[in-house]
Amino acid sequence: MSLALRVGEESFTNLASDIRIKNVAEGGFASVTFSVKRRLEQSLFDTFTDVLVYDTATAEQVGGGRLLEQGRNDDGTWQVTALGEGLASMQDITTPVFYVDQTLDHWYMSTRTTKRLEVSNTTWPGATVDEDSIMCEGNAEGLPLVAGDGLIVVNRLAELCGQTFGGIGYRHKAGSVASANWRLKLLSYSAGVSGVVTENDLAWSAALSSRIQVVRGGALTSGRPILGFWFRRENTSQNATDETYSAVRAPTVRAAIYGSDGNIKNTGYTNEYVLPHEVITDWVVRHCPRLDVSNDTVSTASTEQIDQMAYLDGVHGMQLASDLREREPGLVWQVWEQDVDGTWPFYYQPLPTAVQYEASVADGFRAPSPSSEVYNKVTVTGKTPAGRDINLTLTQVVPSLDAAGIVREATIPLGSEVWSTAAATKVGNEFLASHAVPPNSGTITIARPIYDNFSGRWIKPCNIRSGGLMRVRGIQPTPDTLNATSPDGVTVFRVVSATHSGDANATVCELDAYALNESRAIAQLSQARTRR
Amino acid sequence: MPLYQFVDEIDASPTVLLDLDDGSPLNVSDGTSTSPPRRRVSSYGSSARDGDVVAQRAYADRTIKIALDFRIGSTAEEQSEAIQNLGRLLDGPQWLLWQHEAKTEPVFYRTRFGEIEVDDSIMDDKPQRLVTLNITAEPFGYGERESGSVTISNDPTSGTNKMCATLPTIKGDVASPLVLDFLPDNLGSDILAATLAIKTAIAAPIYLAKPIASSPPTGWTYTSSYADATAVGGNCLRMQRASGVTTAGNGASIPALLVPEPGDYRLFARVFGGTGQTLSISQMGGGDAHEVAIDYPFAWQWYDCGVFRCPSSKPRVDSLMASTPFGNDYAKFQFEVTNPSVGDTRLSAWVLVPAGLDAALSDKLALVHVENWQATDTFRLDAISDAVYWWSSDPTASVTNEYNGYAGGLPVVVPGVDNQLWMAQLSAAITETLDVDWFYYPQYLYDRPAAS
């Protein structure tokens, strides 16, 4: 056999049969399964042990994962399954998390000294834009508001998610009563709403302020899980009038995030958005101790500005990465070989755009091509920061649908967790682009060495890695983003999964899209989550 | 008389547990067969193409059929006792020795279990029975152990076996797993052990001379032939980075190397460097660069630079085209060094180790990590048991040996072709030699000729 199998430090090459290794484009090494001759009364393997598969000629690691299931049978064989360490680690923790949030609902009134001040999430008087704000107003016109009267709204989002705030940005506008005796203070608290610190102190002004940013590494105290706004009257009293109001516009908070060096970053919070690689680096550093992320393995190429990402109902790493992929489909995360120190390097890199593998259909090819995947219209729904329903409709021209006189529309819910206008536009356009033509999906069997342009080697079927582009000779292509419009008998696919059977010494690659089958449909249903 | 005996072990004079043909009371009769085992094949074919592709093949278990009858006049008790012995022996694994009458060398079959058919033909006071045994056994018959020893140096330029030893002619019909014993030594090193079975042995070691200093970039100073007694050949290329320089050190060139056989090789670089340095190496005309972290500060090491196909331009060809001559059998590498601080990097040699040659019948490579090797202990790579372990002649010795698993495949030897053993001690000095005892059991499909 050309594969060697290790479970922990023990070798099982001679005892195992039907070794299958799988890797996927988003995730890297996905699974190792094998049957091993072992009597029922023998002890179980230690769960979570590393399972590693090597090529015996080159000593390269071609598969691996974390031992999760061992099915024992009375016929003296055990069926063992290991899940790729990347997939396993990214699903270990499901927890509430936020990165950047504009939702006004997360600010609520915590205290006030008088009934004569109240707060709501509305537009302010005279606003010419449909934009909600945190508005504090005097509701008892003609009655005095005395020195010391005030109202505090707090945001405990970071505390709920077990994180701390990295920064806040906001603008402010008050009514014409504005004076130095009316104050808007930004407060921060430690856990349990104690240890208050005033981070910023403004006089109310009738002119709309410029963007105020109070960030970690600057004025904001580090490590604070609760923020607050304090609307306050000082020094003298004044009767409330029609103009007694103060509005905090478009407050955007950011979480303090970890960098690839394993420490919380002290810079960068003046951006009122996060970048995809910042999100994924923070998640891996925080929640995946077995994965190793470094500057070399995470690409900072993406400029996609994510301005809303908050999951109060909890999310795990793979779902988070899937949401990132919706915004930034050009980058994908993968975990491959284990390093000598026992950790598994985590890669977040652009998908290759140059052709990597050269193959032919000689060993088997099958390509169902469902046209039901074509759309020319999409509606993206969500909730505004104030919690109101909103949606955005985008269209594209699809010649085949136009010729048939058909309109096909899909709906994508972003909920309040990741809705923003920028997000909706990006997600909608990406969906349309990937559904403009029927997918060029199919499976190809590779049973002989094929040429790999990236390494310059003829690699064995067990070395094929998903995520790369494969040029296949011998098929009539259909035009899509990867293929030329003129049929020339050669077409290019993206390898989305590769399953290698050690017994058959052949790899079956799924191309462009996962094959539609019952077990995959069930898995997708069980993994699906409803966005709030 | 041919010999059919159940014995206790593979040995020139083993203890006989049951003789099937000594007439007391068993005799082997017609209908006996020890045919070679059948094949299991994984092959692919389609109507789109002529011929099949054989992806993998292996031998299935062997079935040995032995027809027995009893000595005329043997008693019912003798016969019962014989059948009982057969039943006990065929219940589990045993060694079955078989030697053809006119031959001098036996083969030993490892039986798994057997079935007994008894045909009671005469049941009076001089009974006669015909017994047929259908025995399932491991595919190959084994010959007696073949062993030897070899000393391999860690230096591609000196020693009798310079990082590679040719094994004597291998006996048997099919590939055999090899056991390697590394004798007690003060090694605390990572080990590379690779076997190559190929029709004609390739000239070994495949060794690239130290790089030639040409034009260093600004801020770098190159000294070719810098004297260093611990370097391969006593001198090396020294690349020094001046303060404040951020560019990589490139421009030094490695001579082109005539590669004896096309295929995949693992490249090892003998480097002396400091923490944080990186060596980036690529083959001209073939694939992306490989980055290697120089993480053993200020000690000469063989650094593993990964797998390359050499020569890069030579395509993989099948049988018809294999003899067509190609030009350019040279591999040419280029490299650069990045150094985060002031200091030097020294390079003295590069070695290519076969890791999947096109023409190889078998190519196995193992990288083993060991630490704190005790001087009383032998470290063994055991391809027969598929295991890697220590064994000690002194059970009271402190157990500080550390072994963290191995990557790759354990060694295999193939009869009928040349077999080479390639070794390197990655973290040891080039003056360290490795004493290796090896042994294997030849494996036969049928019986064995005297000489092989």
### Query
Where q = 0.08, 0.09 Å⁻¹, what log10 of I(q)/I(0) comes from the Debye formula for chain A, counting one point per Cα?
-0.64, -0.77
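Compute for chains B and A the buried accessible surface, both sides summed, probe 1.4 Å, and express it in Å² to the nearest 100.
Working: alone 20950 and 23080 Å², together 41360 Å².
The contact between A and B buries close to 2700 Å².
Which order, highest average first, do A:155-161, B:203-209, A:22-28 follow once you tally other Cβ atoms within 10 Å for each residue and take the mean per peptide? List each step's numbers first, then the result.
Values: A:155-161: 20.9, B:203-209: 19.0, A:22-28: 23.6.
Listed from highest to lowest mean packing, they are A:22-28, A:155-161, B:203-209.
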### Message
If you roll a 1.4 angstrom probe over the protein chains with everything in place, what fraction of the accessible area of the protein assembly as shown belongs to carbon and sulfur, to the nearest %?
### Response
50 percent
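Across peptide A:361-368, what mean number of C-beta atoms from other chains lies inside 10 Å of a residue's C-beta? Spell out each step's value before the answer.
Numbers: counts 3, 7, 8, 4, 2, 0, 0, 0.
Partner-chain Cβ atoms within 10 Å, mean over residues of A:361-368: 3.
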### Query
What list of ³J(HN,Hα) couplings, whole Hz, do you get for region B:103-115 from phi and the Karplus terms 6.51, -1.76, 1.60, once you set θ to phi - 60° and write x for glycine and proline?
9, 9, 10, x, 10, 10, 9, 9, 7, 9, 6, x, 10
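Largest first and in whole Å, what are the equivalent-ellipsoid semi-axes of region A:193-305 based on the Cα gyration tensor, each being the root of 5 times an eigenvalue? Provide the component values of the computation, followed by the final result.
On the way: eigenvalues 289, 52, 21 Å².
Computed over region A:193-305, the values are 38, 16, 10 Å.
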### Task
In vacuum, with every alpha carbon of the protein assembly as shown counted as one equal point scatterer, what does the Debye formula give for log10 I(q)/I(0) at q = 0.05, 0.08 Å⁻¹? Two decimals, please.
-0.44, -0.95
### Task
Could you list, in their original order, any pairs among A:K460/B:K364; A:K460/B:K332; A:K185/A:K265 whose Cα atoms are separated by more than 19 Å?
A:K460/B:K332; A:K185/A:K265
### Message
Let me check I've understood the local charge: for A:I390, count other residues with C-beta under 15 angstrom from its C-beta, Lys and Arg +1, Asp and Glu -1. What total comes out?
### Response
-3
### Query
Cα to Cα, under 24 Å, and not fewer than 8 places away if on the same chain: which lysines meet these conditions relative to A:K383?
A:K426
#### Entry: Order by protection proxy (mean Cβ within 10 Å, highest first), peptides B:433-445, B:351-363
B:351-363, B:433-445
### Query
Under 19 Å Cα-Cα from B:K171, which aspartates and glutamates qualify once same-chain neighbours fewer than 8 residues away are excluded?
B:D11, B:E105, B:E138, B:E144, B:E146, B:D363, B:D382, B:D418, B:D437, B:D447
### Query
How far apart, in nm, are the 7 Å Cα→Cβ label points at A:R72 and A:I93?
3.4 nm
### Query
How far, in degrees from 0 to 90, does helix A:518-527 lean away from the longest principal axis of the Cα atoms of chain A, to the nearest 10?
20 degrees
### Query
Can you give the mean number of other chain Cβ atoms that lie within 10 Å of the Cβ atoms in peptide A:338-345?
1
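Quickly estimate the mean residue ellipticity at 222 nm for chain B, helices only: each DSSP H run with n ≥ 4 gives -39500 (n - 2.57), and the total goes over all residues, rounded to 500. Intermediate results must be reported in sequence, preceding the final value.
On the way: 1 runs with 14 residues, N = 452.
Rounded to the nearest 500, the figure is -1000 deg cm²/dmol.
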### Task
Enumerate the whole-percent occupancy of each 10 Å bin, from 0 to the last occupied one, for all C-alpha pair distances of region A:6-97.
16, 48, 26, 8, 1
### Query
So what is Rg over Rh here for region A:53-128, counting just Cα atoms and using Kirkwood for Rh?
1.45
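Which number do you get for Rg(Cα) / (2.2 N^0.38 Å) in region B:336-395? All intermediate terms of the calculation are to be shown ahead of the outcome.
Numbers: Rg = 18.7 Å, N = 60, 2.2 N^0.38 = 10.4 Å.
Relative to the 2.2 N^0.38 Å estimate, region B:336-395 comes out at 1.80.
Leaving out ligands and nucleic acids, and using a 1.4 Å probe, what accessible area per residue does chain B come to in Å²? Before the final figure, lay out the partial values.
Working: 19620 Å² over 452 residues.
Ligands and nucleic acids excluded, the result is 43 Å² per residue.
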### Query
Taking amide H positions as placed 1.01 Å from N in the peptide plane, with prolines and chain starts having none, which residues 5 or more places from A:G314, or on another chain, fall under 5 Å of its amide H?
A:V97
### Summary
Taking every alpha carbon pair in region B:1-151 and sorting the distances into 5 angstrom bins from 0 up to the bin holding the longest one, the percent per bin comes out as 2, 8, 16, 18, 16, 11, 8, 6, 5, 4, 3, 2, 1, 0
#### Entry: Sequence ranges B:251-262, A:321-332, B:218-229, ranked by mean other-Cβ count within 10 angstrom, highest first
A:321-332, B:251-262, B:218-229
### Cβ-defined net charge surrounding A:D130, 14 Å radius [Lys, Arg +1; Asp, Glu -1]
-1
### Helix-only mean residue ellipticity at 222 nm for chain A, each DSSP H run of n ≥ 4 adding -39500 (n - 2.57), per residue, nearest 500
-3500 deg cm²/dmol
## Note on the structure
In degrees rounded to 10, the 0-90 angle between helix B:76-89 Cα long axis and the longest Cα principal axis of chain B is 20 degrees
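Viscosity 0.890 mPa s, temperature 25 °C: Stokes-Einstein D of region A:350-442 from its Kirkwood Cα radius, in µm² per second? Provide the component values of the computation, followed by the final result.
Values: Rh = 15.6 Å.
Taking Rh from Cα pairs, D becomes 157 µm²/s.
At a threshold of 8 angstrom on Cα-Cα distance, excluding pairs fewer than six apart, so keeping six or more, what relative contact order does chain A reach in percent?
Details: 1315 pairs, mean separation 79.1, N = 532.
Dividing the mean separation by the residue count of chain A yields 15 percent.
Give, rounded to the nearest 20 debye, the magnitude of the charge dipole that region A:7-104 has about its Cα centre when Lys and Arg contribute +1 at Cβ and Asp and Glu contribute -1 at Cβ. Numbers along the way, then the final one.
Working: 7 positive and 15 negative charges, 51 e Å.
The calculated dipole for region A:7-104 is roughly 240 debye.
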### Task
Quick one: grab Rg to one decimal and Dmax as a whole number for region A:251-298, Cα atoms only, in Å.
10.9, 36
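Compute the relative contact order of chain B as a whole-number percentage, counting only Cα pairs closer than 8 Å that sit 6 or more residues apart in sequence.
On the way: 1190 pairs, mean separation 102.5, N = 452.
Relative CO of chain B lands at 23 percent.
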### Query
Can you give the three extents of the C-alpha atoms in region A:78-234 along their principal axes, from longest to shortest, in whole Å?
83, 36, 30
#### Entry: Nearest-ten-degree value, helix A:421-434 long axis tilted from longest Cα axis of chain A
20 degrees
### Summary
Env charge @ B:D119, Cβ radius under 10 Å, K,R +1 / D,E -1, value -2
### Task
Set the Förster distance to 56 Å, then compute FRET efficiency between B:D19 and B:S47 from the Cβ-Cβ distance, nearest 0.05.
0.50
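Evaluated at 25 °C with a viscosity of 0.890 mPa s, what Stokes-Einstein diffusion coefficient in µm²/s does chain B have when Rh comes from the Kirkwood expression over alpha-carbon pairs?
Values: Rh = 25.8 Å.
Approximately 95 µm²/s, per Stokes-Einstein.
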### Message
Defining a contact as two alpha carbons under 8 Å apart and six or more residues distant in sequence, what relative contact order in percent does region A:330-461 show?
### Response
30 percent
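For the protein assembly as shown, give the share of DSSP beta bridges that are antiparallel, in percent and rounded to the nearest 5; count only bridges with both residues there.
Values: 274 of 292 bridges.
Antiparallel: roughly 95 percent of the beta bridges in the protein assembly as shown.
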### Query
Considering every residue in A:450-459, what mean count of other chain Cβ atoms within 10 Å of its Cβ is obtained?
6
### Query
Mind listing the phi-derived Karplus ³J(HN,Hα) values for region A:51-68, rounded to whole Hz, using 6.51, -1.76 and 1.60 with θ = phi - 60°, and x for any glycine or proline?
10, 10, 10, 10, 7, 6, 7, 10, 6, 7, 7, 10, x, x, x, 10, 5, 10
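The values are calculated or read from the model by the stated rules, or taken from the named source; none is laboratory data. A quick note: this is a predicted structure, and the numbers were derived from the prediction, not measured. Cβ: placed from backbone, ideal geometry, glycine included. Neighbour counts: every protein chain shown. Accessible surface areas use protein heavy atoms only, side chains included; no ligands, DNA or RNA. Shrake-Rupley method; radii C 1.70, N 1.55, O 1.52, S 1.80 Å.
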